[in-house]
Amino acid sequence: MSNPIDTPLEILGGISADVFLRDYWQKKPLLIRQAIPDFVSPLDGNDLAGLSLEELVESRIVLEHGETPWQLKQGPFAEDIYSGLPERDWTLLVQSVDQFSPEVAEVLEHFKFLPSWRIDDVMISFAVPGGSVGPHYDNYDVFLLQAEGQRQWKIGQMCDNESLLLNHPDLRILDSFEQTDEWILEPGDMLYLPPRLAHWGIAQTDCLTWSVGFRAPSSAEVVTHYADFVARFLPDEQRYSDAGMSPVSNPNYIRPEDIKRLRQLINEQLNDDRMLLTWFGQYMTEPRYPDLLIRSELSTDELLHMLEDGAVLTRNPTARLAWSHIQLDTESAAVFFVSGNSRIISEHLVALLDLLCCADAIHIENLQPWLNDAEAVTLLCELVKQGSLECVDE
């Protein structure tokens, strides 16, 4: 599903992606009534509770009036935990439900106007009346889609690391909340919130809220992870050098020219666009649950025979794919990022990379242009072996 940037989008309340990105994205909130008209959630609170019992699933319960104020319980939970909860003022939150429910993952098709590698997950919360996680802010963009029941959303001030928080060991709850707006959301309504905007959701009835969150590495993460990545490729003999320096008048003084040499050393190692692209693509496609990538030993001949017999390749829900162009010494090529890995791909296979990133199913018909291309078939086989593609024998 692809939309020209100037086409009105129902998911954005009839404005175009271009207008949304220009006027709202990372700037100000947007309330969208009936972003998905007549929306019916494919799962309910019982389904969400069932997921919270699973070992691999990240889940939390927040009780406003528990053994301590805003008590946090971490999953996975035992089934009997729900029989002991009060009738009011608690919330269950389950991360990455899109990776365990294909029906939930379908909602991401509405957000194709944004880079897929920026999308983190679909977190779903179930709350009883009064249920809330308190006034807080996030450091990333989020779309809040009401799936069942009613939730009141209060909007407050812009925050930063100087904003005062309650003394809580686990939750970042704001000490003060300066309300500017409030709305009641019904099923199908959606609220977009930019980073650092204080917000406070309070369930009015039993309700489900879907939260589409986005990956946004902090500056600290970028600097430390990228520096560690680059350091893996640097030989030990490459060191600070001051050949040709002039005699010092004060041996205890660090001179400006010393810092200039240090700056040059850092720039030489970090100012490499190809290295930066490689790190960034790998970092942004790292899967949240790598254990869900089920590896399969398969030869290229076996894969081709299975495809000819009607097998279909599908992306593993936890796999993340992206690609970009890269300039080699004498020619341009593509670099393909898959689940935290990367490999150089010939330029003529760019259309295949798009197919792998976008198609719901990959089969003998849409693979036809590449079935006689050894590089393409090897790539498909490697993706199956890695677990990012799953081969379903129909």
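The values are calculated or read from the model by the stated rules, or taken from the named source; none is laboratory data. The shown structure was predicted, so the numbers you read here are calculated from the model rather than taken from an experiment. Note that we place each Cβ from the backbone using ideal geometry, even for glycine, and neighbour counts take in every protein chain shown.
Listed values, structure above:
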read-out: Boolean, C159 is surrounded by 13 or more Cβ atoms within 10 Å (Cβ to Cβ), more than 25 Å from D23 (Cα to Cα), assigned by TED's automatic domain parsing to the domain that holds L43 and in contact (Cβ under 8 Å) with a residue 24 or more places away in the chain; value: no
read-out: Subset of the range 306-324 (residues that are over 30 Å from F100 (Cβ atoms) and at pLDDT 95 or above); value: none
read-out: Restricting the range 350-370 to residues that are farther than 16 Å from L303 by Cβ and part of a loop (DSSP other than H, G, I, E, B), the residue that is modelled with the lowest pLDDT; value: D360
read-out: Those residues of the range 214-271 which are β-branched (V, I, T), without any contact (Cβ under 8 Å) to a residue 40 or more places away in the chain and farther than 30 Å from P194 by Cα, in sequence order; value: V248, I254, I259, I266
read-out: Yes/no for Q34 being surrounded by fewer than 17 Cβ atoms within 10 Å (Cβ to Cβ), farther than 28 Å from G149 by Cβ, touching a residue at least 40 places away in the same chain (Cβ under 8 Å) and not aromatic (F, W, Y); value: no
read-out: Residues of the range 31-65 that turn out to be of a type in the set (K, R) and touching a Leu at 6+ places or on another chain (Cβ under 7 Å), as a count; value: 1
read-out: So P251, is it of a type outside the set (G, A, S), under 33 Å from the mean Cα position of the chain (by Cα) and assigned to a loop (DSSP other than H, G, I, E, B); value: no
read-out: Members of the range 265-314 that are of a type in the set (G, A, S) and under 23 Å from the mean Cα position of the chain (by Cα); value: G281
read-out: In the range 284-324, the residues that are assigned to a strand (DSSP E or B), in contact with a helix residue (DSSP H, G or I) (Cβ under 8 Å, 6 or more places away or on another chain) and not charged (D, E, K, R); value: L313, L321, A322, W323, S324
read-out: Contacts under 7 angstrom Cβ, first residue in the range 77-88 being in the same structural domain as D206 (by TED's automatic domain parsing), partner aliphatic (A, V, I, L, M) and surrounded by 10 or more Cβ atoms within 10 Å (Cβ to Cβ), 6 or more apart; value: F77/L53; E79/L53; Y82/A49; E87/V128; R88/V128
read-out: Criterion (among the polar types (S, T, N, Q), more than 23 Å from the chain's Cα centre (by Cα) and either assigned to a helix (DSSP H, G or I) or modelled with pLDDT under 95 (or both)) met by exactly one of N3, N46; value: N46
read-out: Within the range 124-143, tally of residues that are within 15 Å of the chain's Cα centre (by Cα), crowded, with 20+ Cβ neighbours inside 10 Å and either outside the structural domain of A17 (by TED's automatic domain parsing) or under 26 Å from L63 (Cβ atoms) (or both); value: 1
read-out: Listing of strands (runs of 3 or more DSSP E) fully contained in the range 63-136 that carry 2 or more residues being at negative phi and among the aliphatic types (A, V, I, L, M); value: 90-94, 119-127
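Condition check ((1) crowded, with 18+ Cβ neighbours inside 10 Å; (2) modelled with pLDDT of 95 or more) across all residues:
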position: E182; (1), (2): no, yes
position: L185; (1), (2): yes, yes
position: T209; (1), (2): yes, yes
position: G213; (1), (2): yes, yes
position: V222; (1), (2): no, yes
position: E237; (1), (2): no, no
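The rows are residues; the columns are (1) aromatic (F, W, Y); (2) touching a Ser or Thr at 6+ places or on another chain (Cβ under 7 Å); (3) closer than 30 Å to M275 by Cβ.
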residue: S176; (1), (2), (3): no, no, no
residue: L191; (1), (2), (3): no, no, no
residue: R196; (1), (2), (3): no, no, no
residue: G201; (1), (2), (3): no, yes, no
residue: W210; (1), (2), (3): yes, no, no
residue: E221; (1), (2), (3): no, no, yes
residue: D228; (1), (2), (3): no, no, yes
